[in-house]
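In what follows, a single structure is set out as structure tokens and then discussed.
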Amino acid sequence: MNWTRLLLAAALALAVAACGATHERLPAAEFVSPAEGPGPDYIIGPLDTVNVFVWRNQEVTTTVTVRPDGRISVPLIEDMPATGKTPTQLARDIEGALSKYIRNPIVTVIVSGFTGPFAQQVRVVGEATEPQAIPFRANMTLLDVMISVGGLTEYAAGNRSTLVRYNTESKRQEEYTVRISDLIRDGDVSANVKINPGDVIIIPESFF
């Protein structure tokens, strides 16, 4: 084992300990019916790609990327706040701004590149094949997350992984043990748990 991996494992252990949680287990994710409706409205985040279509006004129809500061600039409008809004809310705000120049503008906003706000992302750190932050999707489970990050490395202690979740009622972070090895290597579906927006999954390294 090299020193880089040893230091990373130690840092992850300290991060887990700092939260001071009880490491309870989450219930298994329920089966999602094909007839289940859509999830909550999508909230636009930095680096999302948005298509702004203005009916009968092709010259102001455009595609832009939301800047890191959460704003967009489109023809006739500078520095319009975009993050934290649904596509429909952003469309109404653009209509209000364009009404100074265009009579009764009709705007449609379509999101084509999804990143989402930080509070809606799911972060995976440690011994995943491709540790990263991924956009939350409706009905997302731990299995979906692990597919997105390419599974575990050969050094991972998957069954000692921790899911850190912010509890909006208690206003504090809580920790839960997740059994990733049982899920993706043994096919134990009882280890597949529901994922919430903002969850952080910490996968430690095995010491032997």
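The values are calculated or read from the model by the stated rules, or taken from the named source; none is laboratory data. Computed from a prediction, not measured in an experiment: that's the story for all the values here. For neighbour counting, all protein chains shown are included, and Cβ atoms are generated from backbone atoms with ideal geometry for every residue, glycine included. Accessible surface areas use protein heavy atoms only, side chains included; no ligands, DNA or RNA. Shrake-Rupley method; radii C 1.70, N 1.55, O 1.52, S 1.80 Å.
Some values worked out for this structure:
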{"item": "Residue among THR108, THR115 that is touching a residue at least 24 places away in the same chain (Cβ under 8 Å), of a type in the set (S, T, N, Q) and part of a strand (DSSP E or B)", "result": "THR108"}
{"item": "Count - residues of the range 34-59 that are in a loop (DSSP other than H, G, I, E, B), surrounded by fewer than 16 Cβ atoms within 10 Å (Cβ to Cβ) and either hydroxyl-bearing (Ser, Thr, Tyr) or modelled with pLDDT of 95 or more (or both)", "result": "3"}
{"item": "Test: residue in the range 127-138 that is modelled with pLDDT under 95, loosely packed, with under 14 Cβ neighbours inside 10 Å and not small (Gly, Ala, Ser)", "result": "no"}
{"item": "Residue in the range 141-175 that is most open to solvent (accessible area, probe 1.4 Å), counting only those that are in contact with a helix residue (DSSP H, G or I) (Cβ under 8 Å, 6 or more places away or on another chain) and of a type in the set (S, T, N, Q)", "result": "GLN173"}
{"item": "Residues that are over 16 Å from THR129 (Cα atoms), in contact (Cβ under 8 Å) with a residue 12 or more places away in the chain and open to solvent by 40 Å² or more (accessible area, probe 1.4 Å), drawn from the range 180-199", "result": "VAL189, SER190, LYS194, ASN196, PRO197"}
